[in-house]
Amino acid sequence: MENIEKIRHSLAHLLAKAVLIIDPKAQLGVGPTIESGFYYDFRLSKKIDESVLAKLESLMRDAINQNLGFKPKRLKLAEAKKFFKNQPFKLELINDLAKYGTTSWQEIQTSAKTKKTKKNKISDASLYQTGDFVDLCRGGHVKKTKEIRLDAFKLTKIAGAYWRGDEKNQMLTRIYGVAFETKKELDEYLERQKTAEIYNHRVLGDQLDIFMISEKVGSGLPLFLPRGEFIKNQLINLMREKEERYGYQYVSTPVLAESALYEASGHKKYFGNEMYRFNDPEGNEVFIKPMSCPHHHMIYQRLVKSYRDLPLRLAEPGTVYRFERSGALYGLMRVRGPITQNDSHIYVDRERLADEFRNVLKLFNEFYGQIKISDKCWYRLSLPDFKGKNKEKFGGDEKLWRWAANEIKKVAVGEKLNLTIGIGEASFYGPKLDLQIRNIFGKEETLSTIQIDIVVPKRMGLFYLDKNNKKVEPIVIHRAVIGSYERFIGFFLESTRGDLPLWLSETQIMIVPIGEKHLNRAKKVAAELLAKNIRAKVSLPNESLNKRILFLEKEKIPYLAIIGDREEANGSVALRGRHRKDLGEFKLGRLIDKVKKEILTKMN
């Protein structure tokens, strides 16, 4: 793994070297490694498109064939500024080294807000030279370019990117590449990407009429079509049935709230830039709900007085809206709204935190085991870095933090979860456990979250009276099994490649009469299936059988029940599954039994 990182980092330098050949006036940003490859950001003096990628690749291969080295250099910061006098982005990075001791934009922003800078200032800069190209860099390269396979890398695309990821900064041109140690690995990756494009949820969502994006409505605001809304409601109903069985009580909260609520909870301070706000006609500052937890805390105050009222489990398919930068928007995965969360908040005393956390995991495992994707998921336990320098990332009592982190870690280990641990990744109000999955492009994504909250209950004055009639703050478990229904549908479409299971399909069986004379029989079969709560429709014989079957295959309907002369005579159907799978002849009673069983057990 270390060697491929060096290869990718070295290729980023060779890419910048090649760009300067075709555009000597180009200004250089940064060129880090990323999953599967690398990129480099530029401000170019002339427009380019993806037709230039082949030329850049050729120039990079020329450099590789020269067997160039990566020679480290160190210059005093003043000398480095002179060297990069025509490279304003490099100058900015050098100035940040001098002032903050880092080039990390996140650390710099934190330092600017807290007005604290690192005491150990850096006096010199690290550079690397490759042929006639020199870059500001901390290192991590191959020794010689001949270590890079000529046939194991490829430049893939050009995109826009804000300098340092901040939309307040100017837009640069980003060139992406992928790289591996062997040509076989590259070919396998490119083939996976090609397949992934076919089964991208945006492609499937359009093909299957599940959702659409309208420029007139706005970016990041998907419109759910009838089939998509049906799928979403099936999931909402399934989760409500499960959650009520687990003791959750459903509530409903408004999509608006006044500023005071989010000031009390801390969301305005920590997430204010991600929240939509406006002043109402009376001059009050109002927020469109970005999360349901502060609303649920108000309900807690009404319902809970004593330890006898705990645990309280509140649930809501709450619709929220959040501002996402336009560059981050992506199909159903990253939207501005509507985000219909499978939202729940469990209020519990300390003695029962572990038991409640274990019950949440049980619900997670039940759901994801039932839909057959649990083997593709793993858990990520995010804990605070108590020994680190960024203690501002967690607030409140460190002793309570340590206790909460230890409690959920013990449960996670005891349940033998497929688990990774991330130190320093906890949210501001508590440690959390995320369910992770890889999307169809191989990128790691968070599917759902269990978050322990040990900070906000105190901030908002939540309490209950214990056995000694003493006021005690509850522990809150924020929990979303599905995450958001919209995002989950995107993941599930990709995971199933659009072959949604029978119970989740709007049309479960399409009755296909071969000709006009078989239409009456087809309608009777459809009526009998509908009477048994099996969702059936009839494909009218207005085109050839082959054309209709081809169309229905693209619609990904689970079953086609074909009726011709033989089937009409026998009182049966010729049953076909997806992908032209011939399942044989079925009498109607046997067909109903088969389908009802699959629906009931969530099979297929």
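The values are calculated or read from the model by the stated rules, or taken from the named source; none is laboratory data. Keep in mind the model is a prediction, meaning the values are calculated, not measured. Cβ sites come from the backbone with ideal geometry, for glycine too, and all protein chains shown count toward neighbours.
Elements of the type strands (runs of 3 or more DSSP E) sitting completely within the stretch 127-215 and holding at least 2 residues that are surrounded by 13 or more Cβ atoms within 10 Å (Cβ to Cβ) and out of contact with any Lys or Arg (no Cβ under 8 Å at 6 or more places or on another chain): these cover 153-162, 171-179.
Filtered by the rule that a residue be touching a helix residue (DSSP H, G or I) at 6+ places or on another chain (Cβ under 6 Å) and either among the polar types (S, T, N, Q) or over 16 Å from residue 263 (Cβ atoms) (or both), the stretch 451-475 gives 452, 454, 464, 466, 473, 474, 475.
At least 2 residues being on the phi > 0 side of the Ramachandran plot is the threshold, and among the strands (runs of 3 or more DSSP E) wholly inside the stretch 268-353 not one reaches it. Here 13, 9 are screened, and the one residue that is closer than 17 Å to residue 127 by Cβ, modelled with pLDDT of 95 or more and either out of contact with any Pro (no Cβ under 9 Å at 6 or more places or on another chain) or among the acidic types (Asp, Glu) (or both) is 13. Scanning the stretch 216-262 for residues that are more than 21 Å from the chain's Cα centre (by Cα), surrounded by 15 or more Cβ atoms within 10 Å (Cβ to Cβ) and within 18 Å of residue 489 (Cβ to Cβ) gives 225, 227, 230, 234, 238, 240, 242. When 494, 528, 506 are checked against the criterion of being acidic (Asp, Glu), part of a helix (DSSP H, G or I) and within 35 Å of the chain's Cα centre (by Cα), 494 stands alone in meeting it.
Return yes when residue 269 is of a type in the set (Lys, Arg) and touching a residue at least 12 places away in the same chain (Cβ under 8 Å) and no when it is not. No. Picking from residues in the stretch 242-267 that are aliphatic (A, V, I, L, M) and in a helix (DSSP H, G or I), the one that is farthest from residue 362 (Cα to Cα) is 260. For the stretch 34-102, the helices (runs of 4 or more DSSP H) that sit wholly inside it and include 1 or more residues that are exposed (fewer than 13 other Cβ atoms within 10 Å of the Cβ) and among the basic types (Lys, Arg) are 77-83. Residues in the stretch 568-578 include none that are surrounded by fewer than 12 Cβ atoms within 10 Å (Cβ to Cβ) and under 30 Å from residue 199 (Cβ atoms).
Of a type in the set (S, T, N, Q), out of contact with any strand residue (DSSP E or B) (no Cβ under 9 Å at 6 or more places or on another chain) and assigned by TED's automatic domain parsing to the domain that holds residue 160: does that describe residue 87? Judged against the criteria, residue 87 is not a match.
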